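Structure in structure tokens, see below.
The values are calculated or read from the model by the stated rules, or taken from the named source; none is laboratory data. From a predicted model like this one, the values you see are computed outputs, not experimental measurements. For neighbour counting, all protein chains shown are included, and Cβ atoms are generated from backbone atoms with ideal geometry for every residue, glycine included. These area figures cover heavy atoms from the full protein model, side chains too; ligands, DNA and RNA do not enter into them. Shrake-Rupley method; radii C 1.70, N 1.55, O 1.52, S 1.80 Å.
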Amino acid sequence: MSQSPLHDHAPVTRRSRSRRRRARLAALGITLALGGSAAAVSVSAQEAPRATQPQTAAEPPPIPQPQAQAAIADAERVGTAFAAVAERISPSVVSIRVEARIDPREQMQQLPFGMFPGMPQEGDDERIVQGGGSGLVISADGAILTNRHVIENATRIRVRFQDGRELPATVAGVDRATDLAVLRVQARDLVPLRFANMERQRVGQWVVAIGSPFGLDTTVTAGVLSATGRGGIGMNEIEDYIQTDASINPGNSGGPLVNLDGEVVGINTMIIGRGQGIGFAIPADMAERVAQQLLAEGRVRRAWIGVGFQELTPELAADFGVGSRRGALVNEIVPNGPAARAGVQSGDVIVAVEGVPVRESRDLMRHVLRRPIGASVRIDVMRAGRAVQLALTTAERPDPRDTTPQELGGRDARPTRDDGTWGLSLLPLTPQLAREVGHAGPQGAVVARVRQGSPAERAGLERGDVIVEADRGAVRGPGEVENAARDGRALLRVARGERSFFTVMHRE
């Protein structure tokens, strides 16, 4: 009898299917674990046992006891390290209580970090504000380091130690540029904390914050050193923060951030309110230099080369003929300053100081601030794609002037019309406008309006800015800006108060 065309091979049984499947697995070299055992064997069709009952998934093996004990011991050692640091450091960390007078019309968000309003006094035009913060002992004879904003406008300052002593304090000196201050108390035989060598600290290492958040004295929190070289926050003139996820709250300001050796790696200063686990501290090397000068002279003198600079983006790197993003882009030269006398030009990219690479813009600030006033410094720059080496001598950094743009122009001011392309309206620079926006230059085009979501806003332009260059050419008025942007793209140099920067405005 001939076979049915539907059956052109031998009938397949369940047993034969199982044997063939196991044979294929064996041919592929696949191994199966037996009963949770660490051993694994290759299965062939001939060696496969006959299936009886369905097998259930094996329970994961328990952690061997010696391994569990080792993990617990490691965790206990970390906890012991935290506890040892807290015990050793806490006697040198203080709680600061402050009373200050402010105008009662001030908004709450303008109060220093950690301040809260008190009751207005009878018949007084000012309000008593009470505040709190933290500090650390930096000398045996009563010097205390803290944040400037903790004691700003204070009429009464008291310092409380862990042992219960509470002493009146006076201000020995403040540094507005870094938001640091030094206090003095009448005490002897205090134990000062040591500052860490920041070159030996690593991102990811354990750190401990100690302070008085919300008035809760000697509060200890732990985390890691999250990042270094943070800036651009806009809170202080000199910004070079370290970032941590150790919990920091109002009242922690001025307290220490320490490593597991008990060395101060930073002075806790601020948090980002819209995030969690993002706090900032002034690095130890900067804080130590400021504290030493405040104790010696009551003020801080810093080296300065007389340039404004910014980060080098890929777009700007292409415009300035730099093959990589490394370096600090010079966007402003102070007349008669050290850089101007040495021949530095706007648009130069500083790539090294004394042979040490400048990888990001804040590296330039660090290199300069570490040098004494009057020091000779060699810098390497890239200028229009070619390398140039220059020598300059540092000078003393001048005190910054505060300038704030006010209402622009007046009734007779007629800004250029925004045709919808750039979202930008400009005014010619007049003497009156120059005074209003705090611009000292002789010419430029003043930004009168910026439309939300426009190319001008994406380029970072703001009302009151003065455009002084367009495509590397001087701007005498709005016309030069409009001409530079006709091809859909313009490289602009913009002055904003005392500072200036480069930006690229382009159509999408």
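What distance in nm separates the two pseudo spin-label positions at Val388 and Glu99, each 7 Å out from Cα along the beta-carbon direction?
Distance between label points: 6.0 nm.
In the full protein assembly as shown, how much of Asp465 is accessible to a 1.4 Å probe, in Å² to the nearest 10?
0
FRET efficiency for Val356 and Ile272, Cβ-Cβ distance as r, R0 = 35 Å, nearest 0.05?
Rounded to the nearest 0.05, the efficiency is 0.70.
State the extension gain, in nm to one decimal, for the chain segment bounded by Asp487 and Glu297, taking 0.36 nm per residue of separation less the distance between their alpha-carbons.
62.8 nm
For region 160-205, what is the accessible area per residue in Å², given a 1.4 Å probe and the full set of protein chains?
Dividing the accessible area of region 160-205 by its residue count gives 62 Å².
Still on this structure: Suppose R0 equals 41 Å; then what is the FRET efficiency for Glu166 and Ala440 from their Cβ-Cβ distance, rounded to the nearest 0.05?
So the FRET efficiency works out to roughly 0.25.
Excluding Val475 itself, what net charge comes from residues whose Cβ is under 14 Å from its Cβ, given Lys and Arg +1 and Asp and Glu -1?
The answer is -2.
Something else about it: Counting heavy atoms of the protein chains only and a 1.4 Å probe, report the per residue accessible area for region 236-307 as a whole number of Å².
Solvent-accessible surface per residue comes out at 33 Å².
Follow-up. Normalized C-alpha radius of gyration of region 271-358, against 2.2 N^0.38 Å?
Compared with the compact-globule rule of thumb, region 271-358 sits at 1.44.
For region 422-508, max minus min Cα coordinate along each principal axis, in Å, sorted largest first?
That gives 35, 26, 19 Å along the principal axes, largest extent first.
Sticking with this one: Mind jotting down the distance between the C-alpha centroids of region 379-396 and region 300-350, whole Å?
Comparing the Cα centres of region 300-350 and region 379-396, I get a distance of 9 Å.
Taking K and R as +1 and D and E as -1, what net charge do the other residues with C-beta under 13 Å from the C-beta of Ala181 add up to?
That sum, taken over residues with Cβ under 13 Å, equals +1.
Sticking with this one: Run the quick spin-label model on Gln205 and Arg156: label points 7 Å from Cα toward the beta carbon, then report their separation in nm to one decimal.
4.2
Calculate the FRET efficiency for Ile72 and Gln432 from the Cβ-Cβ distance with a Förster distance of 51 Å, rounded to the nearest 0.05.
Working from the Cβ atoms, E equals 0.10.
Sorted by accessible area with a 1.4 angstrom probe, largest first, how do Ser92, Ser346 fall?
Final ranking, largest accessible area leading: Ser346, Ser92.
For Ile333, Ile89, give the ranking by accessible area with the largest first, probe 1.4 Å.
The residues order as Ile333, Ile89, largest area first.
Any idea how far apart Glu59 and Ala474 come out in nm if each label point goes 7 Å out from Cα toward Cβ?
Computed distance between label sites Glu59 and Ala474 equals 8.7 nm.
Just read off the accessible area of His506 with the full protein assembly in place, 1.4 Å probe, to the nearest 10 Å².
Number for this one is 60 Å².
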